[in-house]
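Nothing in this text is a laboratory measurement; each read-out follows from the coordinates by a stated rule. From a predicted model like this one, the values you see are computed outputs, not experimental measurements. Please note: Cβ atoms are built from the backbone with ideal geometry, for glycine as well, and neighbour counts cover all protein chains shown.
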């Protein structure tokens, strides 16, 4: 399998999530319909995600199932076959799940012995999925996601990477958290730099396009420097915004019952394409997220899903333009203008 992750250009990606509803998950007829909709939008890559489970941030055991979890090996194989039939490429991106408010970045251990136990379990978990990626001919593999304390353990990660390389011959990455990406010590050992690009941009309910563009400049400068230092392109292995007030600020502070703000989401998507997408260091993006059944979201939702919202129009315009070799910025501006007519912004005070 070739190691060039960008042989066909930037990754026009979406984080493709397994629906927990019976008959609507990975590999189902609904999944095929959902993937077909994405292909029609110009999407050419999806990431698919099985989970390992950790009880607490300082636990050393990772429980994972292969066939015993919702995103079973058979379902991962089936959704990969569905994607391939539609001309889509697949990145396998396993995650560790902890009960909120804990998250992978919370995982930490006080002793080297505890870290050794944790990495032994993590290595078995990730090598299982590396072998699955090889067996199904998946197009890229993400070795970890947002493990911001664990990622400082350089020696242990190089051991994991050596094992993954032995099991899987395609391009690999690691998906760093936004605050983690500059300090990952093993970027030289992977094929491209991955980051969950949830950078807080503007502390306004519905920031203007100019404000968003200005906020992206220092972020883009830092990522350009990171790319240049390591000689690798940067892929936003996750990026997304809730359709709520303050979408482009600290998403973890947005309340569950926040007012719906479709324009804030659409403008944040458009600002990414106008400010970042065309940069030479940019290797592509995966938008968080799209579920494996049609009709999973819509204009009444304030969550990250963008199906049925103006943001989907922006993504489709950008990805189709990129695929056709047209001006992405011009396509996005037109789509964002249309999105403004579909949504109703409100002025909101700072939180």
Checklist entry - At a Förster radius of 41 Å, what calculated FRET efficiency corresponds to the Cβ-Cβ distance of residue 162 and residue 22, to the nearest 0.05? => result 0.50
Checklist entry - Relative to the first principal axis of the alpha-carbon coordinates of the chain, what is the inclination of helix 154-167, with its axis defined by its Cα atoms, in degrees from 0 to 90 and to the nearest 10? => result 90 degrees
Item to check | Segments 45-52, 324-331, 211-218, 233-240 sorted - mean Cβ within 10 Å per residue, highest first | outcome: 233-240, 45-52, 211-218, 324-331
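Grab the alpha carbons of segment 132-279, take their convex hull, and tell me the volume per residue in Å³.
Spelled out: Cα convex hull of segment 132-279, divided by residues, is 127 Å³.
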Checklist entry - Say each of residue 77 and residue 4 gets a label point 7 Å from the Cα, pointing the same way as Cα to Cβ; how far apart are those two points in nm? => result 3.1 nm
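Relative contact order for segment 11-342 using alpha-carbon pairs under 8 Å, separation at least 6, rounded to a whole percent? Could you put the intermediate results ahead of the total?
Working: 671 pairs, mean separation 61.1, N = 332.
RCO, segment 11-342: 18 percent.
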Item to check | Spacing of the two label points (7 Å from each Cα toward its C-beta) at residue 217 and residue 327, in nm | outcome: 2.2 nm
Next on the checklist: What number results when the radius of gyration of segment 1-135, computed over Cα atoms, is divided by 2.2 N^0.38 Å?
Outcome noted: 1.16
Next on the checklist: Along each principal axis of its Cα atoms, how long is the chain end to end? Whole angstroms, biggest number first, please.
Outcome noted: 55, 42, 39
Next on the checklist: Based on alpha-carbon centroids, what's the gap between segment 71-134 and segment 172-230 in Å, whole number please?
Outcome noted: 22 Å
Checklist outcome for this item: Length gained if residue 39 through residue 120 is fully extended, taking 0.36 nm per residue and subtracting the Cα-Cα distance, is 25.3 nm
Checklist entry - By DSSP, what percent of the beta bridges with both residues in the chain are antiparallel, rounded to the nearest 5? => result 5 percent
Item to check | Residues of segment 110-135 with amide N under 14 Å of a point placed 7 Å along Cα→Cβ from residue 61 | outcome: 118, 121-122
Item to check | Point-to-point label distance, residue 179-residue 70, nm (Cα→Cβ direction, 7 Å offset) | outcome: 2.8 nm
Item to check | segment 96-201 - Rg and Dmax from Cα coordinates, angstrom | outcome: 13.6, 40
Checklist entry - Sorted by packing (mean other beta-carbon atoms within 10 Å per residue), highest first, where do 33-42, 185-194 land? => result 185-194, 33-42
